[in-house]
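Report on the structure given below.
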Ligand SMILES: Nc1ncnc2c1ncn2[C@@H]1O[C@H](COP(=O)(O)OP(=O)(O)OP(=O)(O)O)[C@@H](O)[C@H]1O
Ligand SMILES: [Mg+2]
């Protein structure tokens, strides 16, 4: 009898423990969201999206250039990272027996552990210094290096999920290996692959450090790949540490927009996914 | 009936061996298969029937650590020759696997025609026509004709197996390897697949693994009996099932061998 009570008590304590840890994780998350929401949304106005920054001292202005800049740099980075990353993932998953593959795997693991500021300095040395100018292109390179290990790893793992008997079925039809990989294995994993890409893009979109050294930032609208370009994280950083109340207010608004942007991206991707699913039934 | 033993040899195994790492699964099989015949392979579970069959279209080597020795001659040419293109071999020797393996996230229709499509045939009417013919042959058409765009993997196990048969037929290989194609099917579908084999036998050569003695006796022209990676006996099915030479074969087909 006593034993049963004791056992129930232990069960109960365990439940409490797991609940507490779950809450401990949720609390900071909610606090961040609440902070950014309250502070950011209240500082938000239409001007924020349509206007460029005003000179110091003047109140108002917006971050149109930084919003567009972030989208531009991130998309450029993704355009570099996705083809390379997915191809690498294919190599790792489909030709995993080779020596190169083992080295590559280790490199990718190391790469995902490199602090983003180091990647920023690297891109600075390799792109900015030789080209003698901060540029959106350098920023995109830095972000693509951040995206790469995530895309490679997720692609590899997703392709490895496809059981071998599917590959055998394709090969047994007398199809060359590359066609089996491309049109059967890869095609069947499109939705999963997209998820990996979005993960990588979301991660890169919020990075500040690598852009400080590369795209640097400016106060006007620019679409030139070879010029410095503003981005939301850098703009937020610059404004947040400034002494001006109005800029700090705008930094909150920027943080809010950045969060919403990343969230929308996720939702949009999910939307596309369900579309593909409906059509193809993935 | 013409003498089956006079028919032209299309496929020939010569001292064919297969390993999984150190495990010797197929131990020196020598046999020939005649054109336009059905050849059954029987034997206890785990004796290497699937492995042997998978050596005949060079799928065995896709498994890590697996290797083979010996020769397989397709119309006199060794398919294991270095100069031979393995893709070409597999195009001419089709296979239906023991476990149904339809392509995931592909519709029923796509599953059937993917082989043709990836060979460059894109005319929709041709593909649809082929799909219908092959699905009919595989006794699946009536069940799927209204849902050709649903997922292949949404079908039942037995339906998936028939889908895989249709898929293999679509690329039209002169030799077809079938690994227990009817083990998951009900008697009606089984009868239809057997009918199909009798039908395609007019043009093709079929090698089929089966655990069903009646089926082997019913449909096959030749039968091989395997035990532990060895071929104990091979001959006309009529002889094997009525008058086996080996005691082991006799015990097995009469159910005294386990
Ligand atoms: N992938 C593998 N790795 C290692 N050993 C294997 C592998 N596949 C099969 N084997 C072994 O090879 C032997 C032959 O297997 P195989 O699948 O050819 O038997 P089978 O005659 O087809 O049996 P069944 O009638 O049950 O299908 C078995 O002993 C099995 O354990
Ligand atoms: Mg088997």
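Miscellaneous remarks
- Criterion applied to B:158, B:115 was being surrounded by 17 or more Cβ atoms within 10 Å (Cβ to Cβ) and over 18 Å from residue B:185 (Cβ atoms), and the one residue passing it is B:115.
- Search result, residues across the range A:170-182 that are surrounded by 18 or more Cβ atoms within 10 Å (Cβ to Cβ) and either within 26 Å of residue A:266 (Cα to Cα) or in contact with a strand residue (DSSP E or B) (Cβ under 7 Å, 6 or more places away or on another chain) (or both): A:172
- Taking the criterion of being touching a strand residue (DSSP E or B) at 6+ places or on another chain (Cβ under 8 Å) and assigned to a helix (DSSP H, G or I), the residues of the range B:218-243 that qualify are B:219, B:237, B:240, B:241.
- If the condition is being over 25 Å from residue B:22 (Cβ atoms), in contact with a helix residue (DSSP H, G or I) (Cβ under 8 Å, 6 or more places away or on another chain) and more than 13 Å from ligand 2 (Cβ to nearest atom), then the range B:39-62 contributes only B:40.
- Residue tally, condition out of contact with any helix residue (DSSP H, G or I) (no Cβ under 7 Å at 6 or more places or on another chain) and within 7 Å of chain A (Cβ to nearest Cβ), over the range B:89-113: 1
- Residue check for residue B:134: touching a strand residue (DSSP E or B) at 6+ places or on another chain (Cβ under 6 Å) and in contact (Cβ under 8 Å) with a residue 24 or more places away in the chain: no
- Residue A:113 being at pLDDT below 90, away from every other protein chain (no Cβ under 14 Å) and either surrounded by 19 or more Cβ atoms within 10 Å (Cβ to Cβ) or at negative phi (or both): no
- Look at the range A:223-247: where a residue is surrounded by fewer than 18 Cβ atoms within 10 Å (Cβ to Cβ) and a partner is in a loop (DSSP other than H, G, I, E, B), sitting 6+ places away or on another chain with Cβ atoms under 7 Å, you get A:225/A:135; A:226/A:133; A:226/A:135; A:227/A:135; A:244/A:56; A:246/A:59.
- Candidate set: the range B:80-95, residues that are touching a strand residue (DSSP E or B) at 6+ places or on another chain (Cβ under 9 Å) and under 13 Å from residue B:175 (Cα atoms); chosen: the one nearest to ligand 1 (Cβ to nearest atom): B:95
- Restricting the range B:63-79 to residues that are away from ligand 2 (no atom under 15 Å from the Cβ) and in a loop (DSSP other than H, G, I, E, B) leaves a set whose member that is farthest from the other protein chains (Cβ to nearest Cβ) is B:76.
- Residue selected from the range A:30-46 under the condition over 21 Å from the mean Cα position of the chain (by Cα) and exposed (fewer than 15 other Cβ atoms within 10 Å of the Cβ), by the criterion nearest to residue A:68 (Cα to Cα): A:46
- Leading residue by the ranking (nearest to ligand 2 (Cβ to nearest atom)) among those in the range B:80-98 that are in contact (Cβ under 8 Å) with a residue 40 or more places away in the chain and outside any helix (DSSP H, G or I): B:98
- Of B:171, B:175, B:206, all but one fail to be farther than 18 Å from residue B:113 by Cα, buried (at least 18 other Cβ atoms within 10 Å of the Cβ), within 14 Å of chain A (Cβ to nearest Cβ) and more than 16 Å from ligand 2 (Cβ to nearest atom); the exception is B:175.
- Condition met for residue A:215 (in a helix (DSSP H, G or I) and more than 8 Å from chain B (Cβ to nearest Cβ)): no
- Residue in the range B:38-58 that is within 23 Å of residue B:200 (Cα to Cα), touching a strand residue (DSSP E or B) at 6+ places or on another chain (Cβ under 7 Å) and away from ligand 1 (no atom under 16 Å from the Cβ) present: yes
- Residue match in the range B:26-35 (condition: loosely packed, with under 15 Cβ neighbours inside 10 Å and within 16 Å of ligand 1 (Cβ to nearest atom)): no
- Counted residues, the range A:170-186 - those being more than 7 Å from chain B (Cβ to nearest Cβ) and under 12 Å from residue B:62 (Cβ atoms): 3
- Within the range B:141-187, tally of residues that are closer than 30 Å to residue B:34 by Cβ, in contact (Cβ under 8 Å) with a residue 24 or more places away in the chain and part of a helix (DSSP H, G or I): 10
- At least 2 residues being under 19 Å from residue B:105 (Cα atoms) is the threshold, and among the helices (runs of 4 or more DSSP H) wholly inside the range A:84-197 those reaching it are A:136-161, A:164-172.
- Restricting the range B:178-191 to residues that are surrounded by 18 or more Cβ atoms within 10 Å (Cβ to Cβ) and away from chain A (no Cβ under 14 Å), the residue that is nearest to ligand 1 (Cβ to nearest atom): B:180
Let's see how each residue does on (1) under 28 Å from residue B:59 (Cα atoms); (2) more than 11 Å from chain B (Cβ to nearest Cβ); (3) surrounded by fewer than 23 Cβ atoms within 10 Å (Cβ to Cβ):
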{"position": "A:121", "(1), (2), (3)": "no, yes, yes"}
{"position": "A:125", "(1), (2), (3)": "no, yes, yes"}
{"position": "A:140", "(1), (2), (3)": "no, yes, no"}
{"position": "A:168", "(1), (2), (3)": "yes, no, yes"}
{"position": "A:188", "(1), (2), (3)": "yes, no, yes"}
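- Residue check, residue A:204 outside any helix (DSSP H, G or I), modelled with pLDDT of 85 or more and touching a helix residue (DSSP H, G or I) at 6+ places or on another chain (Cβ under 7 Å): no
- The range B:35-62 residues that are within 14 Å of another protein chain (Cβ to nearest Cβ), paired with ones that are in a helix (DSSP H, G or I) and more than 8 Å from ligand 1 (Cβ to nearest atom) (beta carbon under 6 Å, 6 or more apart): B:54/B:60; B:57/B:90; B:58/B:86; B:58/B:89; B:59/A:168; B:59/A:172; B:62/A:168
The values are calculated or read from the model by the stated rules, or taken from the named source; none is laboratory data. These numbers come from a predicted model, not from an experiment. Neighbour counts are summed over all protein chains in view; Cβ atoms, including those assigned to glycine, are modelled from backbone coordinates with ideal geometry.
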